[in-house]
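All remarks here apply to the structure that follows.
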Amino acid sequence: MKQAFLVFLGGGFGSVLRFLISKPLNLLSSNFFLGTFLVNIIGCLLIGLILGLSSRGNILSYNSTLFLATGFCGGFTTFSAFAFEKHFLLKNSELIHFSIYMISSIVVGVLAVVLGLWLSKLGE
């Protein structure tokens, strides 16, 4: 239960920070979501640092890693987990799985958004 609370707490902090960064920056342009882009890139950098430090042994505890990587980065941006998973596949020379997962995640994700928008209009 303690670990679930750490993820919950980290996720809350990450979500609030994502809002504070992306909201004002996204207003700067109508055709490029600068805030979302920066949050995703910062999240990728952070999850790389956190998981890299975690894998080195005694630098970060398991609970700290849960709070920071799963909680904070997960709340800040799920794109960081997505990018780390792709790195894992590339590192293990899983080029076919990497390609299938990358392309299907993007295509199916966009189609799911379109479907969700369409479903939300059914009751109108």
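The values are calculated or read from the model by the stated rules, or taken from the named source; none is laboratory data. In this text the structure is predicted, and so the values were computed from the model without any measurement. Just so you know, the surface numbers come from the protein's heavy atoms only, side chains and all, with ligands and any DNA or RNA stripped out. Shrake-Rupley method; radii C 1.70, N 1.55, O 1.52, S 1.80 Å.
Worth a mention:
- The residues of the stretch 1-112 have, on average, 67 Å² of accessible surface per residue, using a 1.4 Å probe with all protein chains present.
- The angle separating the long axis of helix 79-91 from the principal Cα axis of greatest extent in the chain is about 60 degrees.
- Heavy atoms of LEU122 accessible to a 1.4 Å probe, total area in Å² rounded to 10: 110
- Residue of ILE50, ILE42, ILE100 that the Gaussian network model of the chain assigns the largest fluctuation, springs spanning Cα pairs under 10 Å: ILE100
- Measuring nothing but how far apart in sequence close Cα pairs (under 8 Å, 6+ apart) lie, relative to its length, the chain scores a relative contact order of 31 percent.
- Its Cα gyration tensor gives the stretch 51-117 an equivalent ellipsoid. The semi-axes, each the square root of 5 times an eigenvalue, are 27, 18, 5 Å from largest down.
- Between helix 34-55 and the chain there is an angle of about 20 degrees, using the helix long axis and the longest principal axis of the Cα atoms.
- At full extension, SER15 and SER29 could sit 2.9 nm farther apart than now, given 0.36 nm per residue minus the alpha carbon distance.
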